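The block underneath contains the structure these notes are about, expressed in structure tokens.
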Amino acid sequence: NQIDPFDFVIFGATGDLTMRKLLPAFLRRFHAQEFTEEARLVCVARTALTPEKFRQQTRNALKEFAAETAKDTALLDRFLELITYIPLDALAPDGDWGPLQAELNEPSRTRVYYLATAPALYGPICAALSRSALITPQTRVVLEKPIGVDLKSATEINDGVGQFFPEDAIYRIDHYLGKEGVQNLLALRFANPILEKLWSSDAIAHVEITAAETVGVGTRGSYYDESGALRDMVQNHLLQVLCMLAMDAPASLSGDDLRNEKLKVLNALRPMTPDMVRQNVIRGQYSAGRIDDQKVGSYTDDLGRDRASNTETFVAIRTKIRTARWGNTPFYLRTGKRMAAKSTEIVLQFRPQVWSIFSNTPSPGRLVIRIAPEEGLSLVLAAKDPGVGGFRVRNADLSMSNRQQFKVTYHDSYERLLLDAVRGNPALFIRRDEVEASWRWIEPILTSWREAQSPLEPYPAGSWGPASTRALLARDGALWHEDM
Ligand code: BG6
């Protein structure tokens, strides 16, 4: 089902995200014939470039970031025809919005503004769009993360945009919700009654949610050093995964039903007091080490400066969800750069047997949901250790790889999300109250770190984080997955 012709306008179009993610995603969807040549991709940024020059840059980027699809040069040529470039300083009082008005000359079309600029510009850009009469009833706006750096700034951004767009036209993107593995949580939980029966503190001793990366901060140091892992990954991606994992069944998959249930999880998170932060949150920063047998430098080396930084590149958090379903199960969240492996996964550790008739007790079993690098599941159970002497039990693994099972090509999460925004399906975007509830929970951690000057614990690049990360689970008699 092909989408009707639409106008998609990207602000901040010369940035990394547009070249690495947005335009490659559109190229692949164009290749899949999800929309036709009548669609227009209008790229806006401050840099003075001609459309030809911008298309040339885009061509190079697509050859790198959508290499397979871009090999078809006829297709690539046709795709580049959809793109125009308009140089515009959206904040300049004398900025000329005329060329954009001239380009967007079909008010009845679906129109999407994608704001990939600094978040502080979201409100002012929306104000300028409104002044220039560029907002039609068919217009939506997509906001990239981060929505603010704390609750106050998030509220200001939401207010700023909300003056010009109704909430149902505001699409806050979190690319984790575009991942197959994250969406699959809905199928796994709500299409498998046998699993849903296990989904509570009755059966689950603890839950781990890990998003570990081997990459360092790369060229994003100036952004990252202001942000840190808690704002960059936990406030958005990890909390969204937690919501999808822990929420009750929504009445339907429609936008508000799903988001109402996620919001309940965020509101049920045990609030962080300063004491709680000291005992349940670990912040780390990578020092030099080895990854894949290569020597890599420390975080400050990567920033390219002499003075030390106080920014965390690793966080681990122990929390609880105050509901009848989950009240007795600790949830551990952790994320970091320069860790031992690229791995995004969820582990649900089952409770041990109350009494065993066997002479040895293997681990009580667990369900591992892998999201990256490969989507899949693994259910670890106990089985008889084969052999004739005695009777011992040991763990056996029932594994499924989604890729092998379904034999399909997996898409980048932006492919799904961009076209959902064009189609007007908000289910996988974040509602205002969710963003604000996330910040409400995160903010005391930030404050407490600032006020109590929480120590930043070093961890060698290529490890699983600071040594104290183990102790966080040991308190509950638990082990991280890689230690099992
Ligand atoms: C982004 C963060 O939102 O997510 C990056 O800003 C991080 O720092 C990235 O590397 C991780 O995404 P993924 O899809 O590779 O897990």
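The values are calculated or read from the model by the stated rules, or taken from the named source; none is laboratory data. Because the structure is predicted, anything quoted here is derived from the model rather than measured. Glycine gets a Cβ as well: all are built from the backbone with ideal geometry, and neighbour counts include every protein chain shown. Ligands, DNA and RNA are excluded from the accessible area calculation, which covers all protein heavy atoms including side chains. Shrake-Rupley method; radii C 1.70, N 1.55, O 1.52, S 1.80 Å.
Brief remarks follow.
- Cross-link partners of residue 337 among aspartates and glutamates, defined as those whose alpha carbon lies under 16 angstrom from its own and excluding same-chain residues fewer than eight positions apart: 213, 225, 226, 232, 292, 301, 302, 312, 345, 457.
- The stretch 39-99: GluC sites (Glu not before Pro) falling in loop per DSSP and having at most 15 other Cβ within 10 Å: 81
- Pairs exceeding 21 Å between alpha-carbon atoms, taken from 179/407; 21/179; 179/320; 179/262: 179/320.
- Inter-probe distance in nm under a simple model that places probes 7 Å from Cα toward Cβ, at residue 273 and residue 68: 5.3
- Per residue, the stretch 126-238 exposes an accessible area of 37 Å² to a 1.4 Å probe, with every protein chain left in place.
- Residues with amide H under 5 Å from that of residue 286, placed H, sequence gap 5 or more: 299, 313, 459
- Hydrophobic, long helices, defined as DSSP H runs whose alpha-carbon span along the helix axis is 18 Å or greater and whose mean Kyte-Doolittle value is at least -1.0, occur in the chain at 255-268, 432-452.
- Taking label positions 7 Å along the Cα-Cβ direction at both residue 159 and residue 360, the computed distance is 6.4 nm, reported to one decimal.
- Ratio Rg/Rh, restricted to the stretch 87-213 and using Cα atoms, in which Rh is the Kirkwood radius: 1.14
- Full-stretch length increase - residue 308, residue 433 - with 0.36 nm per residue and alpha-carbon distance subtracted: 41.4 nm
- Residues in the stretch 381-423 average 67 Å² of solvent-accessible surface per residue, probe 1.4 Å, ligands and nucleic acids excluded.
- Estimated vicinal HN-Hα couplings, Hz - the stretch 356-368 in sequence order (Karplus 6.51, -1.76, 1.60; Gly, Pro = x): 10, 8, 9, 6, 10, 10, x, 4, x, x, 7, 10, 10
- Of the chymotrypsin sites (Phe, Trp or Tyr not before Pro) found in the stretch 309-393, the ones in coil according to DSSP and having at most 16 other Cβ atoms within 10 Å of their Cβ are 355, 358, 391.
- About its Cα centre, the dipole of the chain is roughly 1280 debye, where the only charges are +1 on Lys and Arg Cβ and -1 on Asp and Glu Cβ.
- The stretch between residue 479 and residue 132, if pulled fully straight at 0.36 nm per residue, gains 119.2 nm over its current Cα-Cα span.
- Efficiency of FRET from Cβ geometry, residue 374 and residue 254, R₀ 35 Å, rounded to 0.05: 0.70
- Net charge dipole, the stretch 113-263: roughly 300 debye, given to the nearest 20, about the Cα centre with Cβ charges of +1 for Lys and Arg and -1 for Asp and Glu.
- Accessible area (Å², per residue) of the stretch 26-112, counting only protein heavy atoms and a probe of 1.4 Å: 51
- Relative contact order (%) - the chain, alpha-carbon pairs under 8 angstrom, separation at least six: 17
- Relative packing of peptides 110-123, 265-278, 184-197 - highest average C-beta neighbours within 10 Å first: 110-123, 265-278, 184-197
- Accessible-area ranking of 31, 206, largest first, probe 1.4 Å: 31, 206
- Contour excess over end-to-end distance, with Cα ends at residue 470 and residue 447 and 0.36 nm allotted per residue: 5.8 nm
- A Cα-only calculation for the chain places Rg and Dmax at 23.9, 87 Å.
- Within the accessible surface of the chain, defined with a 1.4 Å probe on protein heavy atoms only, the carbon and sulfur portion equals 52 percent.
- Rg over Rh, two decimals, the stretch 1-82 (C-alpha only, Kirkwood Rh): 0.93
- Computed accessible area, residue 50, all protein chains, 1.4 angstrom probe, square angstrom: 70
- For the stretch 343-484, a crude dipole built from +1 on the beta carbon of Lys and Arg and -1 on the beta carbon of Asp and Glu, taken about the Cα centre, is about 480 debye to the nearest 20.
- Mean Cα-pair separation over length for the stretch 211-330, i.e. relative contact order, pairs under 8 Å, 6 or more apart, %: 30
- For a label point 7 Å along the Cα-to-beta-carbon line of residue 457, residues of the stretch 302-318 with backbone N under 20 Å: 309-318
- For the stretch 200-213, putting each phi into the Karplus relation 6.51 cos²θ - 1.76 cosθ + 1.60 with θ = phi - 60° gives couplings of 6, 4, 4, 10, 9, 6, 7, 10, 10, 10, 10, 10, 9, 10 Hz, in residue order, rounded to whole numbers and with x for Gly and Pro.
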